[in-house]
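Enquirer: Pasting in a structure now, in structure tokens, and then I'll have a few things to ask.
The values are calculated or read from the model by the stated rules, or taken from the named source; none is laboratory data. Just so it is clear, the model here is predicted, and its values are computed rather than measured. Note that each Cβ is placed from the backbone with ideal geometry, even for glycine, and that neighbours are counted across all protein chains shown. Quick note on the areas: whole protein, heavy atoms, side chains included, nothing else; ligands and nucleic acids left out. Shrake-Rupley method; radii C 1.70, N 1.55, O 1.52, S 1.80 Å.
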Amino acid sequence: ERVTYYIDDSLPHWERLVVSGKDHVGVHSDVRTFNSSNAIDSEAPRVVVTDTVIATAPNQLILRPKTYTVGIGCRRDTPKELILDAIIQSLDRWKLSPKSVLTAASVVVKSDEVGLLGAVQELGWPIVFFEQEELAQVIETYHLKESTFVKGTIGVGNVCETTALLAAKSHTLIQEKT
């Protein structure tokens, strides 16, 4: 039976995925692009490559590339449940799958934060920690807003945005700090 491969054209480097897919799927398959905001109108067997949340369907396999990092800042002793709720709300807002998160990131002074560690463990994500000096450089380079409370507490006033950028090795934020 013929299987169609759908590549989400909002993915980074989606063009390479299409070319690679066409090189590897053979004559019994087809490779197409789609935009995750539009439903795939078919019940035929398919493989969908996307990092967004889409409707499930019979005869569908969803492959989720790891395309995002999540920077997390929190006050001391924030419960795991509050951190999880904030993460899930943010991902839902952008219709992103938690299965497409490459890593979480935070500042090194949070490396023993029980709620933070519990949240990322429950999500099955690794987490990386960065020194305040690294965050300060990113804040200066990108002119990021700082919280005076956080700056007075740990020496830098922006954790979530800076650590997301550092972990992703990127210059693009999807969401500013909340």
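Enquirer: Taking amide H positions as placed in the peptide plane 1.01 Å from N, state which residues far from Y5 in sequence (5 or more) or on other chains have amide H under 5 Å from it.
Expert: Long-range HN contacts for Y5: D30, V31, R32, V47.
Enquirer: Order the following by accessible area, largest value first: H13, H24. Probe radius 1.4 Å; ligands, DNA and RNA are ignored.
Expert: Ranked from most to least accessible, the order is H24, H13.
Enquirer: Could you compute how much accessible surface R2 exposes when probed at 1.4 Å, giving the result in Å² to the nearest 10?
Expert: 130 Å²
Enquirer: Same structure, new question: Starting from the Cα of K145, draw a straight line to each of the lysines and keep only those under 17 Å, dropping any in the same chain fewer than 8 residues away.
Expert: Correct list for K145: K177.
Enquirer: Write down the percent of antiparallel bridges among all DSSP beta bridges whose residues are both part of the chain, to the nearest 5.
Expert: Given both bridge residues lie in the chain, the antiparallel proportion sits at roughly 5 percent.
Enquirer: Report the calculated FRET efficiency for T141 and L82 (r = Cβ-Cβ distance, R0 = 22 Å), to the nearest 0.05.
Expert: 0.15
Enquirer: Right, another one. With everything on Cα atoms, drop me the angle between helix 114-123 and the longest principal axis of the chain, reported from 0 to 90° to the nearest 10.
Expert: Value to nearest ten degrees: 0.
Enquirer: Using only the Cα atoms of the stretch 1-72, what are the Rg and Dmax in Å?
Expert: 12.5, 45
Enquirer: Hand me the chymotrypsin sites (Phe, Trp or Tyr not before Pro) from the stretch 1-102 located in a DSSP loop with no more than 15 other Cβ atoms within 10 Å, in residue order please.
Expert: Those that pass, being in a loop and sparsely packed, are W94.
Enquirer: Next up: For the stretch 109-152, report the convex hull volume of the alpha-carbon atoms normalised per residue, in Å³, without decimals.
Expert: Output value, Cα hull per residue: 103 Å³.
Enquirer: For the stretch 136-151, take each phi angle, set θ = phi - 60°, evaluate the Karplus expression 6.51 cos²θ - 1.76 cosθ + 1.60, and give the result in whole Hz per residue in order, putting x for glycine and proline.
Expert: 4, 5, 5, 4, 5, 4, 9, 6, 6, 5, 10, 8, 5, 5, 5, 4
Enquirer: Mind giving me the FRET efficiency for R75 and H13? R0 is 41 Å, r the Cβ-Cβ distance, nearest 0.05 is fine.
Expert: For R0 = 41 Å, the calculated efficiency reads 0.65.
Enquirer: On to the next question. Round to the nearest 10 and give me the degree value, 0 to 90, for the angle of helix 80-93's Cα axis relative to the longest principal axis of the chain.
Expert: That helix lies at roughly 50 degrees to the long axis.
Enquirer: Which aspartates and glutamates have a Cα less than 14 Å from the Cα of K66, not counting those fewer than 8 places away in the same chain?
Expert: By straight Cα distance, K66 reaches D8, D51.
Enquirer: Let me ask something additional. For the chain, take the longest principal axis of its alpha carbons; what is the angle in degrees between that and the long axis of helix 14-24, to the nearest 10 within 0 to 90?
Expert: Computed tilt is about 40 degrees.
Enquirer: How much accessible surface area, in Å² rounded to 10, belongs to the heavy atoms of D77 with a 1.4 Å probe?
Expert: D77 has an accessible surface of roughly 120 Å² with all protein chains in place.
Enquirer: Follow-up question, since we're still on this one. Of the accessible area of the chain, with the probe set at 1.4 angstrom, what percent is carbon plus sulfur?
Expert: 53 percent
Enquirer: Oh, and also: At 1.4 Å probe size, put L84, L61 in order of accessible surface, largest to smallest.
Expert: Descending order: L61, L84.
Enquirer: Taking 25 Å as the cut-off for C-alpha to C-alpha distance, list the pairs among K95/K169; K95/K151; K99/K151; K110/K169 that go past it.
Expert: Details: K95/K169 22 Å; K95/K151 31 Å; K99/K151 32 Å; K110/K169 20 Å.
Long pairs (Cα-Cα over 25 Å): K95/K151; K99/K151.
Enquirer: Can you divide the C-alpha Rg of the stretch 74-177 by 2.2 N^0.38 Å and report the result to two decimal places?
Expert: In units of the 2.2 N^0.38 Å rule of thumb, it is 1.02.
Enquirer: Still on this structure, I have one more. Once the principal axes of the Cα atoms of the stretch 78-132 are found, what is the range along each, listed largest first in whole angstroms?
Expert: Principal-axis extents of the stretch 78-132 (Cα, largest first): 30, 22, 19 Å.
Enquirer: Still on this structure, I have one more. For A105, enumerate residues with amide H under 5 Å from its amide H, sequence gap 5+ or separate chain, H modeled in the peptide plane.
Expert: Correct list: V70, G71, I72, V128.
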